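The values are calculated or read from the model by the stated rules, or taken from the named source; none is laboratory data. Since we're looking at a predicted model, the values are computed, not measured. Note that we place each Cβ from the backbone using ideal geometry, even for glycine, and neighbour counts take in every protein chain shown. The area values use the complete protein model at the heavy-atom level, side chains included, leaving out ligands, DNA and RNA. Shrake-Rupley method; radii C 1.70, N 1.55, O 1.52, S 1.80 Å.
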Amino acid sequence: MVKNIEWDKTFKHNQSMNLNQVPQDFQDATRWVRSSRIGYAVETEVKVYRIHIQDFWQTAKPEMVENARGISTTVRNKKIVVTEEKIRKVLKLKDNAQDPISLSKDDILDGFRGMGYAGDFSKKKEIKRNGLTRDWRFIVHVIAMSLAHRKGGYDRLNLEWSAAMLNLCLNHKFNLSGLIFNYMIENVRGPTWAMYPRFIQMLINNQYENPPNDGDLYTFHVPTSRQYTEIKTNEWVMLHDSMYSAERLPLVKEAYRKYREALREKQQRAAQAQAEAAEKEERLKGKRKGKQAAEDEPPRKKKTSENPERLMGASFKAAETKEHRRHIQDMKEIHAMQEKEKREKRLKRQEMSASERPEVVTEEVQSLNDFVDTLIIDPDEISASKKTPPKKKSTDEQSSRVPLVKPTRISKPPVPPQRVRLFQELYDKLIKETGPSAAKEICLLKNQVNDTNILREKIKDQRKKNKEMNVYMAKQSKFIRFKQMGIEKLYRMMRSMCEQMEIEPMFSFEEVFDFDAFIEEETTRKAKEAEAKKRRLESTEKVTKGDESDEEEVDRDEMPARFIEWVLEEEVLYEQEDGKTFSPPPASRVVQERKRKTP
């Protein structure tokens, strides 16, 4: 079966990095990448042909090569074999098959914390580029664009590639070749896309000299200068000492020391400014309190002058606005009283304990209280309802409603049994010791615990079913792959036999494994079967409609008895081969012999 290859969103994946065009800001990180184990794999640029990549992934299949896992494929009618050792040799990664291929999450996070990583690692278990500083961002960018297996999301690294970056920067052992080969094997077994086009072209060129180039070139989307500007940041954390050259290391350390001192001074200035702002705000609050206290005091009377003319003018002015001033004075007195009451309430609220303070009941709290009331019954409410006597009717109503017939004594109807509410006994015990509010909260928590336990059991059963289904699906997929490999082996065997006998095979490989043609044949076959079934049903309906004879139907169980009755009614002559006829024995004798033989 020919595989369909996805080409979308793959033109930024596995591209080569031209480190000569990198800005001067990243000179230390660029020098380290070029001198590291990944320098050759990152910088090597080759012409990639789409037809070669398409042939590789369409015919790729996993198989054992020299007692090791491998990928066998055909490119331009030539067999190409890819193994972990060949990837190591072609890409010059300088690792070993016995080297580790993963690290624990805690080790990865501790290593990146040393690099100044400030991102969140708990949700997606990925290292994001934005959580690092300038040089570390550049190294993440190089690994994501050139070595990683993704066709999108180049601003982050998963656990495996984060472990690879950490070991590379610390100069520890790590099996990069095995990691790349594992992702290629997963791509062969699952939905296939154009993974690692540059590395695959390098592997093809290593095993196939001068392959025919009868296709279009695979064009990468080269990173622009905008991507490098996005990597830049004012924050700075040094690389490891082993990642600098000997003459460059003291200069970098001195620059980093100055940067830390400037950063510390900036933080101190910010903290001092914040403290000054807090002090200023406190002073303003003190001034406001002083003004408020001055307003609460009664206004002082001003000394009047002894000038009679001035006194006369003031009296005329007061007479004109006497009512207005009285109104203003009344409003001031009312405002002063309200403020005084507010202060007294505020002081009382502060002196009260947390239990004595009134609660602000929101809609959510009210809904919870209603839900708790449906679970339990407060005994105080029941007793209060029992104590309240029924209202007596007025004498006028009693006189107006005179019964026409003397009432007779009728027994009271039976009281329906009340449903025992959930956690009622627990509530009755707790209400005496803790009070109604605490008892309600405890019952509500117990109800939530019961609900969560039931939900956990359901989730556990569902997980168990999912595991069983996954195991079954895995077995079925293995069985399907086994049958497909067996059919391919049989086809190859028949093909070799035809070649030995110099006979052309009846079907080609494409005709045998053409899934679309198989689907068309199946649909036509099912349509023919349905039509034939429909014809049979129509023919049987016609026969049953025309068969309206009055003959009595005979059941199979009644056949022997009816046959004996027919023999008793008339004698049948049997003709021998020589033409003579004879009469059968009497029916009574046949019946006696039949009874004697049966137990």
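Here are the numbers for the structure shown:
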read-out: Pair list, Cβ < 6 Å and 6+ apart or interchain, from segment 90-113 residues that are among the charged types (D, E, K, R) to residues that are open to solvent by less than 30 Å² (accessible area, probe 1.4 Å) and at pLDDT 85 or above; value: ASP95/ASN175; ASP95/LEU176; ASP95/SER177; ASP99/PHE174; ASP99/ASN175
read-out: Close pairs from segment 179-204: first over 21 Å from LEU103 (Cα atoms) and in a helix (DSSP H, G or I), partner small (Gly, Ala, Ser) and open to solvent by less than 10 Å² (accessible area, probe 1.4 Å), Cβ under 6 Å, at least 6 apart; value: VAL188/ALA60
read-out: Condition met for ALA439 (assigned to a helix (DSSP H, G or I), over 30 Å from GLY190 (Cβ atoms) and among the small types (Gly, Ala, Ser)); value: yes
read-out: Filtered residues of segment 500-514 (kept if modelled with pLDDT under 85, open to solvent by 100 Å² or more (accessible area, probe 1.4 Å) and in a helix (DSSP H, G or I)); value: GLU510, GLU511
read-out: Yes/no for ALA527 being within 30 Å of ASN4 (Cα to Cα), among the small types (Gly, Ala, Ser) and at pLDDT 85 or above; value: yes
read-out: Qualifying positions in segment 107-127 - modelled with pLDDT of 85 or more and either open to solvent by 70 Å² or more (accessible area, probe 1.4 Å) or in contact with an Asp or Glu (Cβ under 6 Å, 6 or more places away or on another chain) (or both); value: ASP107, ASP110, ARG113
read-out: Residue, farthest from the chain's Cα centre (by Cα), within segment 471-510, restricted to residues that are under 20 Å from LYS61 (Cβ atoms) and of a type in the set (S, T, N, Q); value: SER496
read-out: Failed condition for ASP461, given (1) at pLDDT below 80; (2) under 30 Å from GLY190 (Cα atoms); (3) charged (D, E, K, R); value: (1)
read-out: Residue in segment 297-320 that is touching an Asp or Glu at 6+ places or on another chain (Cβ under 9 Å), at pLDDT below 70 and open to solvent by 100 Å² or more (accessible area, probe 1.4 Å) present; value: no
read-out: Members of segment 1-58 that are open to solvent by 20 Å² or more (accessible area, probe 1.4 Å), hydrophobic (A, V, I, L, M, F, W, C) and closer than 30 Å to GLU510 by Cβ; value: MET1, VAL2, ILE5, TRP7, PHE11, ILE51
read-out: Unmet requirement for LEU147, which otherwise passes all of (1) without any contact (Cβ under 8 Å) to a residue 40 or more places away in the chain; (2) over 20 Å from ASN234 (Cβ atoms); value: (1)
read-out: Filter result for LYS429 (more than 41 Å from the chain's Cα centre (by Cα), open to solvent by 90 Å² or more (accessible area, probe 1.4 Å) and modelled with pLDDT under 85); value: yes
read-out: Test: residue in segment 192-199 that is modelled with pLDDT of 85 or more and open to solvent by 40 Å² or more (accessible area, probe 1.4 Å); value: no
read-out: Selection count where residues are touching a strand residue (DSSP E or B) at 6+ places or on another chain (Cβ under 8 Å) and open to solvent by 20 Å² or more (accessible area, probe 1.4 Å), scope segment 180-191; value: 2
read-out: THR233 being in contact with a Ser or Thr (Cβ under 8 Å, 6 or more places away or on another chain) and open to solvent by less than 80 Å² (accessible area, probe 1.4 Å); value: yes
read-out: First in segment 14-32 and more than 21 Å from LEU132 (Cβ to Cβ), second anywhere and open to solvent by less than 20 Å² (accessible area, probe 1.4 Å) and at pLDDT below 85, Cβ under 6 Å, 6 or more apart; value: none
read-out: Checklist (1) more than 24 Å from GLY178 (Cβ to Cβ); (2) surrounded by fewer than 20 Cβ atoms within 10 Å (Cβ to Cβ); (3) touching a helix residue (DSSP H, G or I) at 6+ places or on another chain (Cβ under 6 Å) applied to ARG137, failing item; value: (2)
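Condition check ((1) among the basic types (Lys, Arg); (2) modelled with pLDDT of 85 or more; (3) over 33 Å from the mean Cα position of the chain (by Cα); (4) open to solvent by less than 20 Å² (accessible area, probe 1.4 Å)) across all residues:
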residue: ASP216; (1), (2), (3), (4): no, no, yes, no
residue: HIS221; (1), (2), (3), (4): no, no, no, no
residue: GLN227; (1), (2), (3), (4): no, no, no, no
residue: ASP241; (1), (2), (3), (4): no, no, yes, no
residue: LYS258; (1), (2), (3), (4): yes, yes, yes, no
residue: ALA262; (1), (2), (3), (4): no, yes, yes, no
